[in-house]
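Here's the structure, in structure tokens; my notes come after.
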Amino acid sequence: MDRCDILKGVKRIVIKVGTSTITYPTGKLNLQIIDNLSWVMADLKNQGKDVILVSSGAVGVGATRLGFSSRPTETREKQAAAAVGQAMLVQIYENFFNRYNQKAAQVLLTKDDFKEGKRKTNTTNTLETLLNFEVIPVINANDTISTFEIEFSDNDNLSANVASLLGADLLIILTDIDALYDCDPKKNKNAKKISYVEGISDEILKMADTAGSKFSVGGMITKLEAAKLCNDNNVNMVIIKGDEPKNILKVIDGEDIGTLFAALKKKEGFKCQQKNL
């Protein structure tokens, strides 16, 4: 199926940005990328689209602020770093969104907010109301109080849960690799890019690499888990390199950028189109 046919007319878009995308190797924020990302999201809002941002980075930024040389390992130190870093992140996003005449709101979530019941209903109602008021929700895991989240979660799966909860048309994950490959392109120059995937099979999962930066968590495996969740909930998902946020607009226009995981229900196995870079 053609990308333009799949992505034509997307209305509700969740954008997830990872720690390695919005920070330098030093752990400090890359303000240029955050500025560019804010501009792109503001432009999407001006087009009449609903936009939700899921942003990692709080623990990494907070750790740098507190003087850690790498991501802390003790839970209480991670929580302290998250508290410091989240305050910094929200302030910076608010400043950039305000520059482009957009309203933003912080929303911190845990796994319990997605379980069936009153909390899930309240979470949905809050996010829908923010979108109705033309606000861009800036979402992160509530790492400050939830030890379960900080030890076992990642924001790839968080973003997929948010996209599924809100019935999004598209989840775009900005990361430090430009697409899914059949093997690690950093280790094998003959690695082939996979442009299009239907379904997440064991063969696809074997292509994952678990590497991440010293301030981040996750890796390709968590992105494929997110793609599986999106696929199960009829949400399209795209992985693209995050260093040029304007590529988000090209993705929505149907250009062959990154890897598109198509939300096609009742499909078994996978089909992929490969091309050499």
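As an equivalent ellipsoid, region 94-199 spans semi-axes of 30, 19, 15 angstrom, where each value is the square root of five times an eigenvalue of the C-alpha gyration tensor, largest first. The GluC sites (Glu not before Pro) found in region 71-139 that occupy coil by DSSP, while having at most 16 further C-beta atoms within 10 Å, are Glu74, Glu116, Glu134.
Please get the size of the charge dipole for the chain, origin at its Cα centre, with Cβ charges of +1 on Lys and Arg and -1 on Asp and Glu, quoted in debye to the nearest 20. The partial results should precede the final answer.
Numbers: 36 positive and 35 negative charges, 29 e Å.
For the chain, the charge dipole is close to 140 debye.
Phi angles of region 53-63 translate, via the Karplus equation with coefficients 6.51, -1.76, 1.60 and θ = phi - 60°, into HN-Hα couplings of 10, 10, 10, 7, x, 4, 5, x, 5, x, 4 Hz per residue; Gly and Pro are given as x. Pairs with C-alpha atoms separated by more than 24 Å, drawn from the list Lys49/Lys241; Lys120/Lys206; Lys78/Lys120; Lys8/Lys192, are Lys120/Lys206; Lys78/Lys120; Lys8/Lys192.
Ellipticity at 222 nm from helices only: DSSP H runs of n ≥ 4 in the chain, each -39500 (n - 2.57), divided by the residue count, give -12000 deg cm²/dmol. Taking amide H as placed 1.01 Å from N in the peptide plane, Ala141 has its amide H under 5 Å from the amide H of Leu109, each at least 5 places away in sequence or on another chain.
Legend: translational diffusion of region 55-124 by Stokes-Einstein, Rh = Kirkwood radius over C-alpha pairs, 25 °C, 0.890 mPa s; D = 179 µm²/s. Placing unit charges on each Cβ (+1 for Lys and Arg, -1 for Asp and Glu) gives region 3-275 a dipole about its Cα centre, and among Ala141, Gln47, Ile200 the Cα reaching farthest toward its positive end belongs to Gln47.
Label-to-label distance for Lys28 and Asn132 is 4.4 nm, based on points extended 7 Å past Cα in the beta-carbon direction. Summing +1 for each Lys or Arg and -1 for each Asp or Glu among the other residues whose beta-carbon sits under 12 angstrom from that of Asn125 gives +1. Amide H to amide H distances under 5 Å link Ile172 with Val14, Ile15, Lys16, Val238, where only residues 5 or more positions off or on other chains count and H is placed in the peptide plane. Taking the square roots of 5 times each eigenvalue of the Cα gyration tensor of the chain, largest first, gives ellipsoid semi-axes of 27, 22, 19 Å. A simple spin-label model places the labels of Lys246 and Ser69 3.9 nm from each other, with each point 7 Å out along Cα-to-Cβ.
Any read-out appearing in this document is the output of simple, stated calculations on the displayed coordinates, not a laboratory observation. Just so it is clear, the structure is predicted and the values come from calculations on it, not from any experiment. Heads up, the Cβs are rebuilt from the backbone with ideal geometry, glycines too, and the neighbour counts pull from every protein chain shown.
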